[in-house]
Amino acid sequence: MEDEKTFVFLKKININITGMSINKVILLGNVGKEPDIRYFEQNRGVANFTLATTERAHVGRNDQQIPEKTEWHNIVVRGGLVKVVEQFVHKGSKLYLEGKIRSRSYIDRENQTRFVTEILVDVLEILSRRDGGSAQGNSSTKYTSTYGEPDFDDEDDFKSANDDLTYTSPF
């Protein structure tokens, strides 16, 4: 019933949802390690780092204690945002990110196939610096990507510093 209401609403505002899909991620969290920055030909770069998001502990049904839970996300930044990350993002920085999920695989040094899920960043907003202060007084600084759709044919653009290594926990 709820789906029918949603469809009727979308139909009324003239949106054709046939064949439509959305890949959108919004994260607010803290950088878990110093960003790994790499540059390639023509000064194109990629930045990789982890971001921790934490769900607060709470009391659930029947007074059940639900513990705090932290998720670690692999973040990939390309284009003009790489310079921003290089200059302003450090371990402990609080960030607001918008992007999309991408899953891929690679072969490690032991010839094992590894699978990773990453967030490709489109919008990056710095909410605090490493020293605990805000990005600019009480405000934040928002940056938007200038690159278009990623060129998946160029493997070097997406190669993470950890692709040749076995997986290790970010903490």
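The values are calculated or read from the model by the stated rules, or taken from the named source; none is laboratory data. Note that this is a predicted model, so its numbers are computed, not measured. Note: ideal-geometry Cβ built from the backbone for every residue, glycine included; neighbour counts use all protein chains shown. Accessible surface areas use protein heavy atoms only, side chains included; no ligands, DNA or RNA. Shrake-Rupley method; radii C 1.70, N 1.55, O 1.52, S 1.80 Å.
Couple of notes before you dig in:
- The residue that is farthest from THR54 (Cα to Cα), among those in region 82-122 that are of a type in the set (A, V, I, L, M) and exposed (fewer than 14 other Cβ atoms within 10 Å of the Cβ), is ILE107.
- Residue list for region 22-36, filter: under 16 Å from VAL123 (Cα atoms) and assigned to a strand (DSSP E or B): VAL25, ILE26, LEU27, LEU28, GLY29, ASN30, VAL31
- Flag for VAL59 being among the hydrophobic types (A, V, I, L, M, F, W, C) and under 22 Å from the mean Cα position of the chain (by Cα): no
- Scanning region 37-81 for residues that are assigned to a strand (DSSP E or B), open to solvent by 70 Å² or more (accessible area, probe 1.4 Å) and touching a helix residue (DSSP H, G or I) at 6+ places or on another chain (Cβ under 9 Å) yields a total of 2.
- Taken together, the residues in region 91-109 that are touching a residue at least 60 places away in the same chain (Cβ under 8 Å) and either more than 14 Å from ASN23 (Cβ to Cβ) or in contact with a Leu (Cβ under 6 Å, 6 or more places away or on another chain) (or both) amount to 9.
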